[in-house]
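The structure appears below as structure tokens.
The values are calculated or read from the model by the stated rules, or taken from the named source; none is laboratory data. Because the structure is a prediction, the values reported are computed rather than measured. Here the Cβ positions follow ideal geometry from the backbone for every residue, glycine too, while neighbour counts run over all protein chains shown. The area values use the complete protein model at the heavy-atom level, side chains included, leaving out ligands, DNA and RNA. Shrake-Rupley method; radii C 1.70, N 1.55, O 1.52, S 1.80 Å.
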Amino acid sequence: MAKWVYLFSEGNATMRNLLGGKGANLAEMTNLGLPVPQGFTITTEACTQYYEDGRQINDEIQSQIMEHIEKMEEITGKKFGDKENPLLVSVRSGARASMPGMMDTILNLGLNEEVVDVLSAKSGNPRWAWDCYRRFIQMFSDVVMEVGKKYFEELIDKMKAEKGVTQDVDLTAEDLKDLAGQFKAEYKEKIGADFPTDPKEQLMEAIKAVFRSWDNPRANVYRRDNDIPYSWGTAVNVQMMAFGNMGETSGTGVAFTRDPATGENKLMGEFLMNAQGEDVVAGVRTPQKIDQLREVMPEVYEQFVGITKKLEDHYRDMQDMEFTIEDKHLYMLQTRNGKRTAQAALKIACDLVDEGKISEQEAVAMIDPRNLDTLLHPQFDAKALKEAKAAAKALAASPGAACGKIVFTAEDAKAWNAKGEKVVLVRLETSPEDIEGMKASQGILTVRGGMTSHAAVVARGMGTCCVSGCSEIAMDEANKKFTLAGKEYHEGDWISLDGSTGNIYDGQIPTVDAAIAGEFGRIMAWADKFRTLKVRTNADTPADAKKARELGAEGIGLCRTEHMFFEGDRIDAFREMICSDTVEEREAALEKILPVQQGDFEKLYEALEGNPVTIRFLDPPLHEFVPTEEEDIKKLADAQGKTVEAIKTIIEGLKEFNPMMGHRGCRLTVTYPEIAKMQTKAIIRAAINVSKAHPEWTIKPEIMIPLIGEVKELKYVKDIVVKTADAEIKAAGSALEYEVGTMIEIPRAALTADEIAKEAEFFCFGTNDLTQMTYGFSRDDAGKFLDAYYDAKIFENDPFAKLDQTGVGKLMEMSIKLGKATRPELHVGICGEHGGDPSSVEFCHKIGLDYVSCSPFRVPIARLAAAQAAIKDSRN
Ligand code: PEP
Ligand code: MG
């Protein structure tokens, strides 16, 4: 019989896949002899089974849960529903990868009115007992029965108003008892049944709710953003409650062993006396700093500090911990490797190496490549910032600069963003339902909440700027306005946030690109030592190429030559070429284009200083380039000496039903060989000129032919290239060498790669088109149905962002195998969008590519991901 349930004492940290992160760490802390309220973990496999069984917990799992309740009762000496010593538990989710705030938790489970009476009498603290009960009814109703929090919150607010108090803690035992009664009535009205009194029934329902929460919309979005497979499932941890709300000698808090925003090696955290965990995280009351615990309870503080050190040394990483003090006794409820900003991640990794705790390899392996993105995000222009005066200052919850128009709801943030507006989401506090709106925002500003509030934690994870806890704001969410520093702000007004200082500015402050130095450089240098995969860039302009070099690109993997014509009046000559109707006209247009291209290529070679440059021949889906505006059509007509009508007829003739599968790529050269001739001349002349000026560089142009599906197409184009190039080289008396290769972006090319390799000296996977054509999904239109695919669990990710390793990946592997069988020295890269996606980079390493090529700002991400792939490989 499978084992579905483990006592904490039966597990350890290596069992993360089965017990989830929280369960494995609770077990590990138990093994370390730390004060952990005991309990058990229902495995992630049980969650998967729950879904396989049609969202039912089967009899075998149920009976193992019941057995473990008995074991837990023995260990704790308490019993569910007992008249002497009743057991109360928390029920919490815990997936393999931490997903803070995404799934559900139920506290104080096991209560009914009789148990409340027992606890009141036993503790002499009826206020606490009733507080637990009203919290339980509220959480159970919300999480398990999905009644919705707001009804209960309204009742609490009403009660506080009636009693003339502002804080929950000022409500008396009688008030709370009264509230519990009102809550149960609310429950009955909404559900049509009495609130359950049997603790075992409560528990089973709560476990189901946690399993179910694995599939809630916010968890699904979080998983997609963080590459967490749906198939992993969540574990459920059932743990004896420790009570932080037993009075002024009790409390609860969260702490990090190092600062998660900056990485500084200093204990950071917050706590609230007489409170339960959700009070700290929800940010409803403003917590105290962890240092203040030293004054409040010196012994507990010392013990806690000792434990934090022990945990960090044990896990050899910054820890994020939850604790509760129950009547002066400290309990550890959780530890995990803490989420951190990119800056903090780099600093912590370097510090741990310097402290001799981890190796350079481990430092490289512990950084999430996707996080680096935030380092490359804009900051405020320093000069403009100096002149700006902050309207207020609150908590610097997540770094970066944000400037946008104020919106007050997550829905508005999404809708405005979809219209192309930059927005800043301003809320009293955020909750997990707001995640999509937060993603759509440049920045987030909250009135309530500390550094560990939902807004702060989630924004840091997303790399979105966040300023939290700005209590100076007088908020009127209902009327979409607020007052700050004497000014009334409305929806649509501009505001700027500095997530690194916590400053809030009225109006707009310009932003600039971030500077990269210090620890970033150290980590990147280590990464470069370990990786075997080269990282090139997709750059179409000399400016992009320069930026990419600064970010560590080792070559250009793709220069889309058609993109060199987007700017200024360059498009004119390009359109003349497209809209020519004789060879002579086309050649005249190409004559104009030749020097422009040659000049650009020279600048590219200079920027790359002898590193490889792959230039791809024109591949313009014509619909992107033909003029549509009357004014542009007229301009073109004048340039060509034609009538507007004649141009319109040509444009009409160029229209295609499916331009992405139309007259583009090598097909253009087959119909118009003069285009390939011109581009060859431009590439070869540029290379010869730069070689002459810089004999110290080895310049060997890589000429790449797009959209090949048949070797004869390649041979046809290659013959033109070779003839033209050789003539140029001979005429210049040069010894320049060059290569001709192809993109593999049509399934037929992959299937016949052995044939293609007879002509191609290199392959580069164009996985944008290869994905489009393998799935038969239009890359321009897939967005219309992908959401439905996610909802139906057909896809977990966008295959245009994260490589489909099963299908497209199989074609890639096949191409390499076939290609190298024909030509062992064939070099192979990738230049589709996937070249900058960490999991796709890992795949490229595994299948033996020579390089990945990605947009300049993703180069550091690819370098790190490539190093991590190599490290992982060497460990296996
Ligand atoms: C590709 O198809 O993956 C590619 C890099 O080319 P493009 O995106 O220009 O079609
Ligand atoms: Mg392509």
Inset, instruction - Restricting to the chain, compute how many DSSP beta bridges are antiparallel as a %, nearest 5. - result: 65 percent
Legend entry - Set 547/846; 386/422; 712/793; 634/692; 3/810 screened for pairs whose C-alpha atoms are more than 32 Å apart: 712/793; 634/692; 3/810
Legend entry - Distance between modelled label sites at residue 644 and residue 543, nm, 7 Å Cα→Cβ extension: 3.3 nm
Inset, instruction - With everything on Cα atoms, drop me the angle between helix 59-76 and the longest principal axis of the chain, reported from 0 to 90° to the nearest 10. - result: 50 degrees
Legend entry - 1.4 Å probe accessible area per residue over the stretch 378-512, in Å²: 40 Å²
Inset, instruction - Among the aspartates and glutamates, select those whose C-alpha is under 19 Å from the C-alpha of residue 163, and discard any that sit fewer than 8 residues away in the same chain. - result: 131, 153, 154, 174, 175, 178
Legend entry - Whole-percent carbon and sulfur share, accessible surface of the stretch 638-781, 1.4 Å: 54 percent
Legend entry - Stretchable slack from residue 436 to residue 12, in nm (0.36 nm times residue separation minus alpha-carbon distance): 149.1 nm
Legend entry - Separation in nanometres of the label points that stand 7 Å from Cα toward Cβ, at residue 488 and residue 294: 4.7 nm
Legend entry - Test item: Cα-centred dipole of the stretch 712-794, Lys/Arg +1 and Asp/Glu -1 on Cβ, debye: 160 debye
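Go ahead and run the numbers for FRET between residue 150 and residue 471, Cβ-Cβ distance against an R0 of 22 Å, rounding to 0.05.
The calculated FRET efficiency here is 0.50.
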Inset, instruction - Provide, as a two-decimal number, the C-alpha radius of gyration of the chain over 2.2 N^0.38 Å, N being how many residues it has. - result: 1.09
Legend entry - Rel. contact order, % - alpha carbon contacts under 8 angstrom, at least six apart, the stretch 378-512: 36 percent
Legend entry - Difference of contour (0.36 nm per residue) and Cα-Cα distance, residue 66 to residue 806: 262.3 nm
Inset, instruction - Convert each backbone phi in the stretch 213-225 into a coupling constant with the Karplus relation 6.51 cos²θ - 1.76 cosθ + 1.60 (shift: θ = phi - 60°), then list the ³J(HN,Hα) values in order as whole Hz, x for Gly and Pro. - result: 5, 4, 10, 6, x, 5, 5, 5, 5, 4, 5, 4, 5
Inset, instruction - Please work out the Cα center distance from the stretch 779-798 to the stretch 652-683, rounded to the nearest Å. - result: 31 Å
Legend entry - Computed [θ] at 222 nm, helices only, for the chain once each DSSP H run of length n ≥ 4 contributes -39500 (n - 2.57): -14000 deg cm²/dmol
Inset, instruction - Using only Cα atoms, tell me the angle between helix 519-530 and the longest principal axis of the chain; keep it within 0 to 90° and round to the nearest 10. - result: 70 degrees
Inset, instruction - State, as an integer percentage, the relative contact order of the stretch 682-801 based on alpha-carbon contacts under 8 Å between residues 6 or more apart. - result: 23 percent
Legend entry - the stretch 323-346 and the stretch 382-457: distance between their alpha carbon centers, rounded to Å: 25 Å
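Stretched out fully, how many nm does the piece from residue 846 to residue 825 gain, at 0.36 nm a residue minus the Cα gap?
So the chain would gain 5.7 nm between residue 846 and residue 825.
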Legend entry - Entries of 71/208; 592/655; 715/802; 22/339; 83/150 with Cα pairs more than 23 Å apart: 592/655; 715/802; 83/150
Inset, instruction - Using only protein heavy atoms and a 1.4 Å probe, report how much of residue 697 is accessible, in Å² to the nearest 10. - result: 50 Å²
Legend entry - Under 15 Å from the Cα of residue 603 - aspartates and glutamates, other chains or at least 8 residues apart: 540, 544
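Pairs of alpha-carbon atoms within less than 8 angstrom and 6+ residues apart define the contacts here; what relative contact order does the chain have, in percent? Write out the running numbers ahead of the final one.
Details: 1787 pairs, mean separation 77.1, N = 876.
Relative contact order for the chain comes out at 9 percent.
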Inset, instruction - Compute the signed sum of charges (Lys and Arg +1, Asp and Glu -1) over the other residues within less than 10 Å, Cβ to Cβ, of residue 742. - result: -2
Inset, instruction - Using a 1.4 angstrom probe on heavy atoms only, work out the carbon and sulfur share of the accessible area of the stretch 378-512 in %. - result: 48 percent
Legend entry - Accessible surface of the stretch 167-286 [probe 1.4 Å, protein heavy atoms]: carbon and sulfur percent: 50 percent
Inset, instruction - Could you work out the mean projected area of the convex hull around the alpha carbons of the stretch 216-357, in square nanometres to one decimal? - result: 9.9 nm²
Legend entry - Separation of the residue 174 and residue 158 label points, Cα + 7 Å toward Cβ, nm: 2.0 nm
Inset, instruction - Only bridges with both residues in the stretch 378-512 count here: give the DSSP antiparallel percent, nearest 5. - result: 70 percent
Legend entry - Exposure ranking of 248, 728 by accessible area [1.4 Å probe, largest first]: 248, 728
Legend entry - Helix 298-315 axis, angle to the chain major axis (alpha carbon atoms, nearest 10°): 40 degrees
Legend entry - With all protein chains modelled, accessible area of residue 681 [1.4 Å, Å²]: 60 Å²
Legend entry - Centroid-to-centroid separation of the stretch 500-562 and the stretch 115-134 [C-alpha atoms, Å]: 58 Å
Legend entry - residue 739-residue 185 FRET efficiency (beta carbon distance; Förster radius 56 Å; 0.05 resolution): 0.10
Inset, instruction - For 694, 490, write out the residues from largest to smallest accessible area, computed with a 1.4 angstrom probe and no ligands counted. - result: 490, 694
